Amino acid sequence: MIRAISLALIVVVLLLPGVESAQMSGPPEPSQMTAETNPFFAVSTLPFQAPPFDKIQDSHYLPAIEEGMKQELAEIEAIANSAETATFDNTIVAMERSGALLNRVGKVFFALAQSNTNPTIQKIQTEVAPKLAVHRDAIVLNPKLFARVKSIHDQREKLGLDSDSRFLVERVYKQFVRGGAQLSDADKSALRELNQEQAKLTTEFRAKLLAANNAAAIVVDTREELVGLSDAEIAGAAQRAKDRGLEGKFVLTLQNTTRQPITTTMKNRALRLRIHKASAERGRGGENDTRPIATRLAQLRAQKAKLLGFPNHATFSLDDQMAETPARAEKLLTDLVAAATAKARGEAAKMQAIIDAEKGGFKLEAADWSYYAEKVRKADYDLDEAQVKPYFEMNRVLQDGAFFAANKMYGLTFKERTDLPVYHPDVRVFDVFDADGKPLALFYADYYSRPSKSGGAWMSTFVDQNGLTGTKPVVFNVCNFPKPAPGDPALLSYDHASTLFHEFGHALHGMFSAVKYPTISGTAVPRDFVEYPSQINEHWALEPTVLANYARHYKTNEPMPKELVEKIKKTTTFNQGFDTTEYLAAALLDMAWHSLPADAPPQDPDTFEPAALAKYGIAMAEVPPRYRTTFFSHIWGGGYAAGYYAYLWSEVLDHDTYYWFRENGGMTRKNGQRFRDMILSRGLTQPAAAMFKAFRGRDPEVEPLIIERGLKPATK
Ligand SMILES: [Zn+2]
């Protein structure tokens, strides 16, 4: 089966320009490719079948992907055209075993396209995206294959299957139906065309957004204008200007959110306004205009949904999620709008008071928020990043923090190994041993930022846990922590330390997988469930026993002073009005775009977006959506269409589960084992809602999230 490779867990899918040069030098024709000339053509002989990065070259990807598609199609044809009566083994299991080469190369290719890209890889991506869409349709829309799947599905209760196998049959059948297997031939052709157009447009969106982002970078003429920025930030801006042939000037690049962190300490209001305008208007007008793509993608997805029998894309998408219906997802979001915006208005009032006290003579705007929020943070929370960082040395956060917590809860131990090839010198590899000392997984950690890496942080796998073939998981985490100068320690902010725990939570979900079939293994769970194991793991970063073990001064080894710990805990509710509101606005904007019916006229983002925000009562000029339509890469360039709500949905599960741990003795070995047995090891062998309910003893409740985000009205 072709699986959704790597997209599900990508937080930010924006690609940065590569730094390495292209090295496409006449690769041999696919037919001449052998394991001798192309390492993807054979199963890796390294431990855990780890990718042989020392042998992999960019010229290997395209031939391996093409040959991989060819082989998988041949395997699928053989299953579909078999003269034998369809059985679970000769159809469903045979499909689970198919596509090994494509899976092998795809895992590595899409991982590196995010974490270590270059122009060659980007070019291949553009070329293969529509081909992979065609390939997937060739499988899902194969009528003979579907007839076999359907016959097994229809008699699944009588086949004596174990519960995992029966659930797999249901999943596979549903994937076919959702892929259009039941459509007429005419509708199938229409769907194929829409799928190809969608693949082309999403790739195009990413490319245009990348260009728009670069074009929107701010050129500043004098150092004086940058007053408030740190020496390191100014030096970085000067270097970027030099790289662009603008020696003597300064270039500020944009992060792919509306809010720009660089403005946090920027005293120059005119520059803040300029940066905000450039940020908010990215992708509007010029040759990098993404508006027509968004308009067409929204329409195209509605048309697809209609073909498949759904009123809109959101209904189609949510039908396969834990939330089940857009109404349930929207209810979670809209229920929080009043509390979030009230809190944001309170935060704004506080900042306006500062502006007025300083005789600023202006009304707080979105461009000013980060700058004045930082003043509030300093005044009310008295927390200085510079004070915190010496206690969060990266290696300690990883080994004495995340690894330590995993040992406490699950009995895991870790040992770094240096004998395996890596794709970049910054990548580290660890053996992971289970509580009984047996090998469990390989873990790759790629933590430092570099120009060839996309922004954000994510987890995925090079090899999935697969009970059919006996492969154990090879899991990786990628983050964007600033790389220290040679010889200096990597000191993390609390946010970054927390991100490390978050991604490691995803990693545990991949490592603990203990299921038979790859389609339902590891993190192959609904999008609104997948952030649950990662978010719960963030809690352990602040757990007193864990914190005491890792948060020690990198020079003196002194534990973090109690007052500082308290300050960090207190700041977890800082600026939550803004954070929650900007998130809700983006999530509701996503829902609005994907609730359009197929017969709606094409929508102009310039009018659609404000109307949608007004409809949900979340239009606040000072708090724009975290992503505006024109640079919302999660939904137009990634896999989160009608799915951006998933982070908050998962967070409900997370806080509710955290309260369960608190009620039951905290992060004990016994509680960890229970979480592993009922959630982390189960992949998608049961509906997500059933797994949660079994663990928690009831359906999820939203109250813990409201308390933890500090959104609860004081009167209650
Ligand atoms: Zn995550």
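Derivation of every value follows stated rules applied to the coordinates shown; laboratory data play no part. Bear in mind that the values here come from a model prediction, so they are computed numbers and not experimental data. Here the Cβ is made from the backbone with ideal geometry for all residues, glycine too, and neighbour counts use every protein chain on show.
In the chain, the DSSP beta bridges split such that about 80 percent are antiparallel, to the nearest 5. Here segment 216-280 is treated with +1 on each Lys and Arg Cβ and -1 on each Asp and Glu Cβ, and its dipole about the Cα centre works out to around 280 debye.
Run the Debye formula on the Cα coordinates of the chain, all scatterers equal and no solvent, and tell me log10 I(q)/I(0) at q = 0.08 1/Å. At q = 0.08 Å⁻¹ the computed log10 ratios are -0.64. According to the calculation over all Cα-Cα pairs in segment 635-716, the P(r) per 10 Å bin from zero is 15, 40, 32, 12, 1 %.
Segment 270-330 and segment 140-156 have Cα centres separated by 33 Å. Legend: distances between Cα atoms for LYS55/LYS123; LYS408/LYS570; LYS350/LYS569; LYS331/LYS712; LYS453/LYS516; pairs beyond 24 Å are LYS408/LYS570; LYS453/LYS516. Look at where the Cα atoms of segment 527-576 and of segment 663-716 average out, and the two centres are 19 Å apart.
Here ARG269 and ALA690 are evaluated by their C-beta separation; at R0 = 51 Å the FRET efficiency comes out at 0.45. Projecting the Cα atoms of VAL422, ASN90, ALA386 onto the charge dipole of the chain, computed from C-beta unit charges around the Cα centre, puts ALA386 farthest toward the positive end. Hey, quick one: spin label on LYS438, modelled 7 Å out along Cα-Cβ, who in segment 393-425 has an amide N within reach, i.e. under 18 Å? Zone members listed by number: 410-414. Projecting the Cα atoms of THR290, GLN198, ALA278 onto the charge dipole of segment 174-327, computed from C-beta unit charges around the Cα centre, puts ALA278 farthest toward the positive end. Dipole of the chain computed with +1 at Lys/Arg Cβ and -1 at Asp/Glu Cβ about the Cα centre; of ALA349, TRP660, GLN399, farthest Cα towards the positive end is ALA349.
With respect to the chain, whose longest principal axis is taken over its alpha-carbon atoms, helix 231-243 is tilted by about 60°. Put in line by how crowded their Cβ is, counting other Cβ atoms within 10 Å and starting with the fewest, PHE404, PHE578 read PHE404, PHE578.
To the nearest 0.05, what FRET efficiency results for LYS712 and ASP356 with a Förster distance of 41 Å applied to their C-beta separation?
Efficiency, from the Cβ-Cβ distance: 0.90.
Multiplying the residue separation of LEU468 and ALA614 by 0.36 nm and subtracting their alpha-carbon distance yields 47.4 nm.
For segment 359-404, what is the Kirkwood hydrodynamic radius in Å, using each pair of distinct C-alpha atoms?
For segment 359-404, inverting the mean 1/r across all distinct Cα pairs yields 13.4 Å.
Mind checking the angle between helix 119-140 and the chain's longest principal axis? C-alpha axes, 0 to 90 degrees, to the nearest 10. Here the helix axis deviates by roughly 50 degrees.
Could you sort out which of LYS131/LYS174; LYS389/LYS567; LYS249/LYS363 sit more than 20 Å apart by Cα distance in this structure?
Values: LYS131/LYS174 23 Å; LYS389/LYS567 13 Å; LYS249/LYS363 31 Å.
Cα-Cα > 20 Å for LYS131/LYS174; LYS249/LYS363; rest within.
Once the Cα-Cα distance is subtracted from the 0.36 nm per residue extended length, the LYS483 to GLU127 segment shows a gain of 124.9 nm. In this structure, ARG192 and ASN90 have a Cβ-Cβ separation that, at R0 = 30 Å, corresponds to a calculated FRET efficiency of about 0.65.
For segment 333-376, applying the loop criterion from DSSP together with a ceiling of 11 other beta carbons within 10 Å to the trypsin sites (Lys or Arg not before Pro) yields LYS359. Here the label points at ARG328 and GLN239, each 7 Å from Cα along the C-beta direction, are separated by 4.9 nm in the simple model. Pairs LYS70/LYS188; LYS200/LYS343; LYS555/LYS670: which are spaced more than 32 Å apart, C-alpha to C-alpha? Over 32 Å apart, Cα to Cα: LYS200/LYS343; LYS555/LYS670. About its Cα centre, the dipole of the chain is roughly 640 debye, where the only charges are +1 on Lys and Arg Cβ and -1 on Asp and Glu Cβ.
If each residue of separation counts as 0.36 nm, what is the full-extension length gain between ALA621 and LYS70 once their alpha-carbon separation is subtracted?
Details: separation 551, 0.36 × 551 = 198.36 nm, distance 5.23 nm.
Fully extending the segment from ALA621 to LYS70 adds 193.1 nm.
Sorted from fewest to most neighbouring beta carbons within 10 Å, what does the list PHE501, PHE481 look like? Mind showing how you got there, number by number?
On the way: PHE501 23, PHE481 19.
Exposure proxy ranking, most exposed first: PHE481, PHE501.
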